[in-house]
């Protein structure tokens, strides 16, 4: 233990962050943040990345967290600085991402007086945080930071807000590293109950038509190795949610890809027909289940989640297990290894799935308008990065094509706002991801709509030399809303056509990044090679087909077998 | 169906907001809420009465458990808990009405805590049902003002 050292609150915060192993934080200064920024000026191990908008700071910290598994940290000044973080905090909350957001607050004696740049940020963020602190005494700082990191990163991860009045930053304290926790109300259960795990193992062993349904918890708990073992041991076909892409390699013969609204025919039918559904770390979200009453109608359901509140929330499982995906999968493997199991038990089922995969692959046709097929662009990114890049996205059609046409092989490879569906997430998240994992190629697959929401962060990428590759699938539309208008609103494209569009190539160049424009098929590969190889931030404007839709699609609230555009290969030329 | 939840929380600023906010977000109306220190000055005990079906109450209980400052929650079974609420009521009391009000007070073991020419103020402790019965009887006399603490409750036996 370090000896107590007199210092200011602002310095103590830097020391405490460094003690937690924080290497980088994303932020934006402001009036009451000045004392902290003054202390950051002298920081040795802690690096600060100046973003161009606080929302970018939150998303970048979130992208860093999702890519690395470590806590992402962002900071903003009081009032508008703090409120600009709100979308990013909510994004992290819905996707259970470990984020610590440090906001600065007006002087303690001014709180509640509507002081300049005062906002009640702990109040505003109450419904979207795992926990929050309003620091009342400089001496609390080391302990608060230690607890915040612990809470953000354990159990079901999530965002923690630390709101610090400026006088606390200026106040003095005797600093020592905080290493113990005093959280009597916080004791997450990681290990599933052995009785439940035994019951689940028995059900898996007996199942003739099992499906493994993975959610974000599989990635959050680093469960991929245990899940691979489990799936291979009993030859369990695997469907993943958007949040779990990469938790199971899509190159594996047992992978069925993503399930749900834009999931594969194979995965959705398998869930519909299975007699046992093993949910590890997923939450039966409406984008996955469609009409809840008709979801997995023939199945006994096992639901394992580290968050007890998820169990029974939407679906009452036959075998509930409170525990994380990693421990539960490991427990299941251990139990199953001791059981007899004839491989022919599931042979018919696996053959049925293999046949369906063959008959109903994802497919698209060459666009009639002569523009690029967006799916082809994603396939080319997949091919040229050898299924190895980290892919970040915004939200909408391009996001769904990114789930469908890129091959995810490892956890934390796909970084996307799944729960909140936040447009503008992709670029800042990709900057955070690239800073966290500099050795990987990081590609932000975006749309022309989402990109324009946070495109100022190109300046951040350029100034810190973060070579992310931004691929804009530019169809001139807010494509997913247009798709719904096309299918369900009589093609009344109300305010979804983006008529005035910047020249993205010139825009990128204006920021000091590489800008490329691709309109022809044969330009895709050279442009991607240049963007990936140049070692600088790059933006490629891919002019894609204007009215291409994402298929298959399960209309909201319908049964997941009621898919539009999930035709058989037999019924079409290919 | 009514549920009485006894929630042990850390005695820290903002905890009540977190708890109450959760009920609002999950669509519950709080019928009554009482909060005070527990046997340990670092902990407070909140008693909340809500009306809700079994499943949503179970869900809100689990969500409450996720609040870092919440230590313990009990869904108290009415048959196996002691509960009480304090009520103060001012009732019109002139002439015959005064006699009647005094009789009713006597029956309910209510204490007369204030009196003037026109009205009587009664204070009474009892279960929710008892207080409701009292108010029903006083109604014809003319109730001028009512204030209630909300139910507090404790499980029987091992507590």
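Numerical summary
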{"quantity": "Potential lengthening between residue A:298 and residue A:484 on full extension [0.36 nm per residue; Cα-Cα distance subtracted]", "calculated": "63.9 nm"}
{"quantity": "Cα centroid separation, the range A:104-156 to the range B:61-88 (Å)", "calculated": "27 Å"}
{"quantity": "Selected from B:107, B:30, B:143 as most flexible by GNM, with chain B as the system and alpha-carbon contacts under 10 Å", "calculated": "B:107"}
{"quantity": "For the protein assembly as shown, fraction of C-alpha pairs farther apart than 36 Å, in %", "calculated": "51 percent"}
{"quantity": "Packing-based exposure ordering (other Cβ within 10 Å, fewest first) of A:410, A:175, A:64, A:405", "calculated": "A:410, A:405, A:175, A:64"}
{"quantity": "Relative contact order, percent, the range B:2-76 [alpha-carbon distance under 8 Å, six or more residues apart]", "calculated": "49 percent"}
{"quantity": "Share, in percent, of DSSP beta bridges within the range A:374-543 that are antiparallel, nearest 5", "calculated": "5 percent"}
{"quantity": "Order of A:519, A:346 under a 10 Å beta carbon neighbour criterion, fewest first", "calculated": "A:519, A:346"}
{"quantity": "Stretch gain in nm, segment residue B:84-residue B:107, where the contour uses 0.36 nm per residue and the Cα spacing is subtracted", "calculated": "6.6 nm"}
{"quantity": "Two-site FRET efficiency, residue A:170 against residue A:522, from Cβ-Cβ distance with R₀ of 56 Å, rounded to 0.05", "calculated": "0.35"}
{"quantity": "Rule-of-thumb Rg ratio for the range B:2-76 [Cα; 2.2 N^0.38 Å; N residues]", "calculated": "1.00"}
{"quantity": "Label-point separation in nm, residue A:190 to residue A:464, each point 7 Å along Cα→Cβ", "calculated": "2.9 nm"}
{"quantity": "Computed E for residue A:34/residue B:92 - FRET, C-beta separation, R0 51 angstrom, nearest 0.05", "calculated": "0.20"}
{"quantity": "Helix-only [θ]222 nm of chain A, DSSP H runs n ≥ 4, -39500 (n - 2.57) each, per residue, nearest 500", "calculated": "-10500 deg cm²/dmol"}
{"quantity": "Computed FRET value (nearest 0.05) for residue B:2 with residue A:275, which takes r as the C-beta separation and R₀ as 41 Å", "calculated": "0.55"}
{"quantity": "Peptide A:182-188 - average C-beta neighbours from other chains (10 Å radius)", "calculated": "5"}
{"quantity": "Per principal axis, descending, Cα span of the range B:82-155 in whole Å", "calculated": "44, 17, 17"}
{"quantity": "Equivalent ellipsoid semi-axes - Cα gyration tensor, the range A:194-359, angstrom", "calculated": "20, 19, 15"}
{"quantity": "Where labels lie 7 Å past Cα in the beta-carbon direction, separation of residue A:529 and residue B:117 in nm", "calculated": "10.4 nm"}
{"quantity": "Taking A:318, B:71 and counting other C-beta atoms within 10 Å, the order from fewest to most", "calculated": "A:318, B:71"}
{"quantity": "Inverse mean reciprocal Cα-Cα distance (Kirkwood Rh) of chain B, Å", "calculated": "17.2 Å"}
{"quantity": "Estimated inter-spin distance, residue A:44 and residue A:366, nm [label 7 Å along Cα→Cβ]", "calculated": "6.3 nm"}
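Just so you know, all these numbers are worked out from the coordinates, no wet-lab data involved. Please read all numbers here as calculations on a predicted model, not as lab measurements. Quick reminder, even Gly has a Cβ in these numbers, built from the backbone with ideal geometry, and neighbours come from all protein chains shown.
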